[in-house]
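Here the structure comes first, spelled out in structure tokens, and everything after it is commentary.
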Amino acid sequence: MTVNHLNAPLTLPCGVSLKNRLVKAAMTERISNRRMEPTEGHQELYRLWANTGAGLLITGNVIVDPVHAESAGNVYVGDDDILPKLKAWAEAAKQNDTHVWVQISHAGRQTNRFKTSRPLAPSPVQLQKMGLFGKPKAMTEVDIQGVIKNFVKAASLCQAAGFTGVQIHSAHGYLLSQFLSPITNQRTDAWGGSLENRCRLLLTIVEETRKAVGDKFPISVKLNSSDFQRGGFSEEESLQVIQWLEGKIDLLEVSGGTYENLVFFEKNEELAPQKESTRKREAYFMDFSKKVRAVSQIPLMITGGFRSFDFCNQALENKELDLVGMARPFITNIPDIPAFLAGDKNRLENLVVRTGIKSMNDTSEGGFYARQIVRLAAGKNLDLNMGAWNGSLFIVRHELRKAMLSRFG
Ligand SMILES: Cc1cc2nc3c(=O)[nH]c(=O)nc-3n(C[C@H](O)[C@H](O)[C@H](O)COP(=O)(O)O)c2cc1C
């Protein structure tokens, strides 16, 4: 008889137990109100996700600085006034004995022009993508100290609101990942140059957050296995950073890529229904997991591409990872997830959304899924026929509208 390793509990170093090994990975919700506060839509979504039975839900990007948002529809956590709305969100998500952790983040140079034309970043290295991003200003020492304070304050507010953990976002090319990369971090002070210096901001935020939230509150870091860019943050560097995080965090989540190469959208294609012989290995960051295991004891979550129970179960049995992170199936496959978790449904169908133009892959697929999230939050059904071009169009329109609303009401 197959043992169901996906449905087994996990105790983290801080002493907290998760009821099983399935995690809804972060997906930006883009549904805050014009004051960047959580809405009833957040409660609706997280009720849906709590009822899938997943042991842990990680929220989408929640922003520690109202300007540097990944999306104009992000929640901003910085003032005590937000506590009642945060509490309502946490309450809805925690039903069914589910853990819910907030992903705290600062977008740095990946803040789009609708929010600001002069984002702060480690160095003035502009992101070239459809003209959507302005030339960044290099952060001063005061800016850096401000960011540290903001991350810690956000984590403390999330704890006070009843969320059961936080995840510090240091992947996907956002601010902390910009500091890690030699391409985007060209500083010559204590925050740039050697890997030790480039990693200083992440480690300082982790250490200061730990002081603020105490030893019993889970802290996770989402980190790139690499940036998948020549001259960017490499696998060897990632492995070194992981060793420096040892003993400081409760969960490491591995992902990869930046806005210049959002590998998880590219790789999705390789998992599309096609001949078994041409399908690539499910879960594209798994090869990295062996290397992580060789140098680290930190509980490990891998996200990206997991679609079959057998594969997840085998990987858990082999101890290649501790938690399975899934994102897109938590949009398109919600009704199937309880059976998947029980081992009664092997495969969650994988949807790939393409316009046929390679450079549009991430906006078409990202926009398609973003719109489905907005619909689910509004209590509507999925619209799987919306088409790839409409995905791209949706994302640009939605961002513009949300940014205008938050700027001008
Ligand atoms: C619509 C959408 C929004 C996302 N938003 C975030 C986010 O806010 N933070 C984050 O770390 N990753 C985000 N991701 C990436 C996912 O967490 C995940 O790493 C990626 O989708 C690969 O997992 P999957 O193949 O199971 O979808 C997002 C992905 C999608 C599809």
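The values are calculated or read from the model by the stated rules, or taken from the named source; none is laboratory data. Computed from a prediction, not measured in an experiment: that's the story for all the values here. Counting neighbours? That spans all protein chains shown, and the Cβs are built from the backbone with ideal geometry, glycine included.
Numbers below:
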quantity: Hits in segment 362-391 (condition: touching an Asp or Glu at 6+ places or on another chain (Cβ under 8 Å) and more than 11 Å from the ligand (Cβ to nearest atom)); calculated: Arg375, Leu376, Ala377, Ala378, Gly379, Ala388
quantity: Residues of segment 17-43 that turn out to be touching a residue at least 60 places away in the same chain (Cβ under 8 Å) and surrounded by fewer than 16 Cβ atoms within 10 Å (Cβ to Cβ), as a count; calculated: 2
quantity: Candidates Gln110, Gln159 - the one that is touching a helix residue (DSSP H, G or I) at 6+ places or on another chain (Cβ under 6 Å) and either without any contact (Cβ under 8 Å) to a residue 12 or more places away in the chain or crowded, with 17+ Cβ neighbours inside 10 Å (or both); calculated: Gln159
quantity: Members of segment 285-305 found to be in a helix (DSSP H, G or I) and under 14 Å from Val324 (Cα atoms), listed by number; calculated: Met286, Ser289
quantity: Within segment 129-232, helices (runs of 4 or more DSSP H) holding 1 or more residues that are away from the ligand (no atom under 16 Å from the Cβ), closer than 22 Å to Pro66 by Cβ and of a type outside the set (A, V, I, L, M, F, W, C); calculated: 141-161, 200-213
quantity: Subset of segment 233-257 (residues that are among the small types (Gly, Ala, Ser) and either touching a His at 6+ places or on another chain (Cβ under 9 Å) or more than 16 Å from the ligand (Cβ to nearest atom) (or both)); calculated: Ser234, Gly247, Ser255, Gly256, Gly257
quantity: Lone unmet requirement of (1) closer than 28 Å to Pro335 by Cβ; (2) over 21 Å from the mean Cα position of the chain (by Cα); (3) in contact (Cβ under 8 Å) with a residue 60 or more places away in the chain for Ser406; calculated: (1)
quantity: Number of the exception - Glu37 against (1) of a type outside the set (Phe, Trp, Tyr); (2) touching a Ser or Thr at 6+ places or on another chain (Cβ under 7 Å); (3) more than 17 Å from Leu341 (Cβ to Cβ); calculated: (2)
quantity: Check on Gly73, assigned to a loop (DSSP other than H, G, I, E, B) and touching a Pro at 6+ places or on another chain (Cβ under 7 Å); calculated: no
quantity: Checklist (1) within 28 Å of Leu132 (Cβ to Cβ); (2) away from the ligand (no atom under 15 Å from the Cβ) applied to Leu86, failing item; calculated: (1)
quantity: Boolean, Leu405 is touching a Lys or Arg at 6+ places or on another chain (Cβ under 6 Å), surrounded by fewer than 21 Cβ atoms within 10 Å (Cβ to Cβ) and assigned to a helix (DSSP H, G or I); calculated: yes
quantity: Residue tally, condition away from the ligand (no atom under 16 Å from the Cβ), out of contact with any Lys or Arg (no Cβ under 6 Å at 6 or more places or on another chain) and farther than 30 Å from Phe311 by Cβ, over segment 16-43; calculated: 6
quantity: Candidates Trp89, Trp101, filtered to the one that is aromatic (Phe, Trp, Tyr) and assigned to a helix (DSSP H, G or I); calculated: Trp89
quantity: Lone qualifier among Arg47, Arg109 - being within 24 Å of Phe306 (Cβ to Cβ) and in a helix (DSSP H, G or I); calculated: Arg47
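Residue-by-condition table, conditions (1) within 12 Å of the ligand (Cβ to nearest atom); (2) modelled with pLDDT of 95 or more; (3) surrounded by 15 or more Cβ atoms within 10 Å (Cβ to Cβ):
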| residue | (1), (2), (3) |
| --- | --- |
| Arg281 | no, no, no |
| Phe288 | no, no, yes |
| Gly304 | yes, no, yes |
| Phe330 | yes, yes, yes |
| Asp336 | no, yes, yes |
| Gly343 | no, yes, yes |
| Ile357 | no, no, no |
| Met360 | no, no, yes |
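Quick grid of which residues meet (1) of a type outside the set (Val, Ile, Thr); (2) over 26 Å from Ala50 (Cβ atoms):
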{"site": "Asp322", "(1), (2)": "yes, no"}
{"site": "Met326", "(1), (2)": "yes, no"}
{"site": "Phe330", "(1), (2)": "yes, no"}
{"site": "Ala339", "(1), (2)": "yes, no"}
{"site": "Val352", "(1), (2)": "no, yes"}
{"site": "Asp362", "(1), (2)": "yes, yes"}
{"site": "Leu382", "(1), (2)": "yes, no"}
{"site": "Ser392", "(1), (2)": "yes, yes"}
